[in-house]
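To start, the structure under review is shown below, and the notes come after it.
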């Protein structure tokens, strides 16, 4: 114990990896204990941590108290012993990578306790010969050059030169998107493409995407540790601060990945929640999103550790959910109960508005469709409105209604709704159901489809499935193929022949003729007062 305490008080000249005296002290102690012994040194040469392992290896604890120097390397180097004459091991190199150490040095301890040589490795900004590290020539401790500070400075400069410029992305999260799946590669790529669009919609800079297909999902890291090491290196090289997973992660997986990468980690659900928190404008929308955030975070509040502080910092923790770690489960449940009551009040108010609309006997046409299909643009062009319409997923969250006068003086209400999406998070399904209650009052659903999207058929299937799940499958529907200005006319004709649909460009009113005629026919057929010859 006294020998370990002496090690903890040691100091090394900053230009040396380790002093010859300290190297010998480590090997003597290691041989006496028949265990590997290691020390973590900071850049000033002070011993930050003494680690005693077993005969074959060391277990380095999470270094949560240390931050990376300049956003790159950790500012720590590991010097440790090997007892059986073995070389630097794969586990050693994984520690170098995952912990972002300045340097990893191994000392071969000879049977008489003397150090043989220092064997060192460091990370490199660009992988050399397929590996993210480089080895220094072995050196006898007493003959090592006094160049460590200069070497580390040059290495930091090399990382800095490989770092993308910050000016373009200032203030934005820089993310690597990850998918780990057992699904076919084509389907995984489609889902990843959508995750890229979701990230873009949340103003996240996507630096790289990684898809790993596995027969089995790793229960701890979700992906293999080797692939996690590759991602860690990419994050280091690209100056990423965020990992976004396409699959939903459980709390232990988030903690494990965060502990190993020291990056903020969120999943698809949290990304969507964050978009909703940014964009919900109505009182009901904000209440629904707060409830969804609380329900998502509650099982992840079992401990208050560094992983969870990253989980709720910045993206994925905006809006009402960002202070939820400051309350315990009981208070969260109390808040959920209050939100339930407020939402019941809002639902009553909405029901009264619908009742007043029914009294005026105005038919309702509701726009539905996959997110970013062009519903808001169509409503704007139809009614000469200026509702927010962006080329982003979930640009519209709150239901919006406008009056539209058909030819022959027929007046209807057209309602825009939130876009649908595949793999809708469970926490949001309830919010969707409340938001889409307006659809139950619709006489006709206008299913808007982005025909220019290569996956439009899959998107149509998702919408149809969610409509059935929301008990809206029996309402008459008109399929509207949008964005025909971006599609070959032969493809448009082929799809119109395959579906009972109309085609238009939401930006070009001159293409609206068939759509308006068909929509009016459906309204006349479904709306009883008109069918009986009543006046609107």
Sort 145-158, 112-125 for me by packing, meaning the mean count of neighbouring Cβ atoms within 10 Å per residue, highest on top. 112-125, 145-158
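Subtract the Cα-Cα distance of residue 6 and residue 34 from 0.36 nm times their separation in residues, and report this length gain in nm to one decimal. Mind dumping the intermediate values first?
On the way: separation 28, 0.36 × 28 = 10.08 nm, distance 1.86 nm.
Taking residue 6 through residue 34 to full extension adds about 8.2 nm, to one decimal.
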By average Cβ neighbour count within 10 Å, what is the ranking of 237-244, 189-196 from highest down? 237-244, 189-196
Order the peptides 441-452, 132-143 from the highest to the lowest mean number of other Cβ atoms within 10 Å of their residues. 441-452, 132-143
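Give the calculated FRET efficiency between residue 52 and residue 330 to the nearest 0.05, with a Förster radius of 35 Å applied to their Cβ-Cβ distance. Before the final figure, lay out the partial values.
Values: r = 42 Å, r/R0 = 1.21.
The pair residue 52/residue 330 has a calculated efficiency of 0.25.
For the range 172-288, compute the orientation-averaged projected area of the C-alpha convex hull (one quarter of its surface), in nm².
7.5 nm²
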Surface/4 of the Cα convex hull for the range 2-162, nm²: 8.9 nm²
Estimated inter-spin distance, residue 15 and residue 185, nm [label 7 Å along Cα→Cβ]: 5.3 nm
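Length gain on complete extension for the stretch residue 150 to residue 172, per 0.36 nm per residue less the alpha carbon to alpha carbon distance?
Details: separation 22, 0.36 × 22 = 7.92 nm, distance 3.26 nm.
Extra length from residue 150 to residue 172 when fully extended: 4.7 nm.
What is the fewest-to-most order of 182, 511, 417 by other Cβ atoms lying within 10 Å of their Cβ?
Details: 182 10, 511 17, 417 24.
In increasing order of surrounding Cβ atoms, one gets 182, 511, 417.
A short reminder: the numbers here are calculations on the coordinates, not readings from a lab. If you're wondering where the values come from, they're calculated on a predicted model, not measured in any experiment. Positions of Cβ are generated from backbone atoms using ideal geometry, with glycine treated the same way; all protein chains shown enter the neighbour counts.
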